[in-house]
1. Using alpha carbons only, how many degrees (0 to 90, rounded to 10) separate the axis of helix 44-54 from the longest principal axis of the chain?
2. Based on the mean of other Cβ atoms within 10 Å per residue, sort peptides 247-255, 43-51, 140-148, 69-77 so the most packed one is first.
3. Can you compute the charge dipole magnitude of the chain about its Cα centre, using +1 on each Lys and Arg Cβ and -1 on each Asp and Glu Cβ, nothing else charged? Give it in debye, rounded to the nearest 20.
4. For the charge dipole of region 210-278, defined by +1 on Lys and Arg C-beta atoms and -1 on Asp and Glu C-beta atoms about the Cα centroid, which residue among G215, Q236, T278 has the Cα displaced farthest towards the positive pole?
5. Among the listed pairs K169/K260; K120/K260; K11/K63; K120/K169; K120/K244, give every one whose C-alpha distance is greater than 25 Å.
6. Work out, step by step, the length gained on full extension between D62 and A159: first 0.36 nm times the residue separation, then minus their alpha carbon distance; give nm to one decimal.
7. Count charges around G187 for me, please; just the other residues with Cβ under 15 Å from its Cβ, Lys/Arg as +1, Asp/Glu as -1.
8. Considering the options V50, G109, G71, tell which one lies farthest towards the positive end of the dipole of region 1-124, charges being +1 on Lys and Arg and -1 on Asp and Glu at the Cβ, about the Cα centre.
Amino acid sequence: MLAHALASDVKLEIIETCYRGHAADAASHAAEGGFDLVIAHGGDGTVNEVVNGILRGGPRPDKPMLGVVPGGSANVFAGALGIPRDPVEATHVLLQSIEHGTRRRIGLGQVFSDVVEGGKGRWFTFNAGMGLDADVVAGVEKKRAKGRNASPALYLSVAIKAYAQNVRKPQHFTVEVPGEPPFNDVGMVFVSNTDPWTYFGDKAIQLNPSTSFDGGLGLSALKTLRVPTVGRYVAQVLATGNPKGGNLVRRDDVGYVRVKCEEPANLQVDGDFLGRTTAVEFRAVPHALTVAV
């Protein structure tokens, strides 16, 4: 039904993905083939692949515009852009954008590390991180590989186990941002390209409320993952969406975040596990992508 609605207004070529990275390859071929618009119908993982495919070789004015029709279990990027979660409503918004030529140029994040294939950087649309959140992503992917569905209950059970592991064996990161001395012995690092970070039902979860697609990256890093600190942090996030505190390193508009650690730690971007590494640089890239909205 969605394809029929779109095909009534545009010349449409449909590709159903069948392997990891297929959406990125298809989007890259579309960019090379001179397509004006590439539509991602799926969750944040699909959107991330499509973005990386469109921008393969770097941002250029002749790159296709991105359209998003939510269809996965998580649609944080679409929500941050104000795109309806309902696929039918989102298709209507997309058609209106095509008809009236409405679009938005947004900034993205790019991560550089030895675990990023090709060494050219991996684009991310809304978040990336090292430490606890990446441990949860890695744990969920491992469970899904064994046939488990990515349900809220699965995420919760993996998160509890990952947190307990971090309390028993804390991770230690050194974090650098422009114009400041390094922050040493940080327990977890979370980098945002926009805010909110995700949704708890219909409630927006905000870590860096001044971060947006029009500015730099947001940093939210906890110096310790002890129960009192984490409990206070979570309570602030849920209650006010404006967390503060002596154990929180927060910056809302930075050009880069560099992270180092002695022991390899997990790295995730847009909820996709990339691997374990000891050094990462996250960079803000302004006006990297045009989105139909």
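The values are calculated or read from the model by the stated rules, or taken from the named source; none is laboratory data. Note that the structure is a prediction, hence the values are computed from the model and not measured. Methodologically, a virtual Cβ is constructed for each residue, glycine included, from the backbone with ideal geometry; neighbour enumeration extends over all protein chains shown. All accessible areas refer to the heavy atoms of the entire protein, side chains included, with ligands and DNA or RNA removed. Shrake-Rupley method; radii C 1.70, N 1.55, O 1.52, S 1.80 Å.
1. 60
2. Details: 247-255: 17.7, 43-51: 23.8, 140-148: 12.2, 69-77: 21.3.
Those peptides, ordered most packed to least, come out 43-51, 69-77, 247-255, 140-148.
3. I would put it at about 940 debye.
4. Checking the options against the dipole of region 210-278, the answer is Q236.
5. Numbers: K169/K260 17 Å; K120/K260 19 Å; K11/K63 18 Å; K120/K169 32 Å; K120/K244 35 Å.
The pairs that break the limit, which is 25 Å between Cα atoms, are K120/K169; K120/K244.
6. Result: 30.7 nm gained on full extension.
7. Spelling it out: positives minus negatives among the neighbours equals +2.
8. Of V50, G109, G71, it is G109.
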